[in-house]
Amino acid sequence: MKTRFLISLLLLGWAGCSTFEKRSEEKAAIFASLDTEAQEKLRQGMVEIGYTPDMVYIALGTPDSKSERTTADGSDITWIYSAYYSEYIETRNVGYRRMVQYNPVTKSYIVYYEPVQVDHYEDREEDRIRVTFRDGKVAVIEKAK
């Protein structure tokens, strides 16, 4: 129980590290130079074509992963923001438990085995948003539906 509490407390603290307020303070000069409409969109976590990497960072935070693609037209960098969740797969039979029951009529013990079952979950990762930069500006935005 203590371990669960400690882990949840650490996760809560870790999740609070990357808030919009902290990111906008970190990039205060860039955020202050934007017009009020762009600032409001960043507050809402919205990204548009033409935004710089710093603006995307302020709106969405650090990406979960990055990929780079090089073509004849040049190179593109894609920031990938993912969603993580656990998905129920099935209930599995993991073995048998030996049970012993006393029978007072026959004054003997009855031994029997009953199955032990456990719910099985798998961790899943889905791309939530993919933002592609070309020449230092957002060129493509892909959102999962």
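Just so you know, all these numbers are worked out from the coordinates, no wet-lab data involved. Not measured: the values here are computed from a predicted model. All Cβ positions, even for glycine, are placed from backbone atoms using ideal geometry, and neighbour counts span all protein chains on display.
Points worth noting:
- Entry for volume of the Cα convex hull per residue in Å³ (calculated from the structure that is shown) out of (i) 189; (ii) 109; (iii) 151: (i)
- Partner aspartates and glutamates whose Cα lies under 16 Å from the Cα of LYS145, excluding those fewer than 8 positions away in the same chain, are identified as GLU125, GLU126, ASP127.
- Sequence-distant lysines (8 or more away, or on other chains) whose Cα lies within less than 19 Å of LYS137: LYS27, LYS41, LYS66
- Note: relative contact order over the chain, using C-alpha pairs below 8 Å and six or more positions apart, is 21 percent.
- Each of TYR57, TYR88 was scored by other Cβ atoms within 10 Å of its Cβ. Arranged with the fewest first, they read TYR88, TYR57.
- Angle between the chain longest axis and helix 2-15 axis [Cα atoms, degrees, rounded to 10]: 10 degrees
- Between VAL118 and ALA83, the FRET efficiency estimated from the beta carbon spacing at R0 = 30 angstrom works out to 0.70.
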